[in-house]
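One structure below.
The values are calculated or read from the model by the stated rules, or taken from the named source; none is laboratory data. Keep in mind the model is a prediction, meaning the values are calculated, not measured. Neighbour counts are summed over all protein chains in view; Cβ atoms, including those assigned to glycine, are modelled from backbone coordinates with ideal geometry.
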Amino acid sequence: MTSVRRGAARMAAWVVLGVAALIVLPVVPASAHAELIGSSPKDGSSVKTLPSQVQLEFSEEIGSPAFVEVKAADGTDVTAGDPQVLGAKVTVPLAASGPSGEYTIDYRVVSADGHPVSEELTFDVTSGSGPTAAATSPASSTASSSTDDESFISRHKSHFLVAGLGIIAGALLVGMGLRARR
């Protein structure tokens with residue numbers, strides 16, 4: 001019976017060491033996230049009139065659905081339909097016309113490895129259909145910051161909780177094994 005308890009204590013110790021190693025060892029970040037490799041219109045470019053569509057091209061296939069919002073400087077949404085995902089390209093139709101000024105493209109897509117990717121691009125329309133739009137309102141600028149990716153720790157809270165509980169349970173098992181040995 002004593003050898004069974006020693007074996008259980010030894011196994012519990014190995015479990016605790018294994019879980020601790022998983023927590024302590026550095027985690028290599030995934031490098032397979034999709035990256036934007038091109039856009040039409042290009043980020044920071046100027047176009048004469050509002051294009052009929054915006055197209056984003058990524059380094060790998062994108063999952064559906066994709067979220068793309070194109071807004072004029074006054075906050076007016078000029079998207080005219082849902083984004084269409086075809087492989088590594090996302091296309092969204094735009095309104096027939098819009099005012100001159102700076103436009104913002106906010107997108108959020110899911111890469112093939114399941115991680116969200118988001119960014120904000122801008123382009124200028126030099127000859128719009130109306131007066132030059134005012135600067136972006138504070139409400140629209142805070143909306144784009146809410147789509148930022150979550151931090152590593154907040155994405156993996158449940159993993160840390162399970163690992164912590166495993167360490168506590170393992171320590172209790174080792175302690176019980178050592179106590180029974182006396």
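Restricting Asp124, Asp148 to residues that are more than 30 Å from Ala9 (Cβ to Cβ), within 24 Å of the chain's Cα centre (by Cα) and either of a type outside the set (Lys, Arg) or modelled with pLDDT of 90 or more (or both) narrows the list to Asp148.
Scanning segment 91-107 for residues that are more than 10 Å from Ala72 (Cα to Cα) and either surrounded by 17 or more Cβ atoms within 10 Å (Cβ to Cβ) or among the aliphatic types (A, V, I, L, M) (or both) returns Thr91, Val92, Pro93, Leu94, Ala95, Ala96, Asp106, Tyr107.
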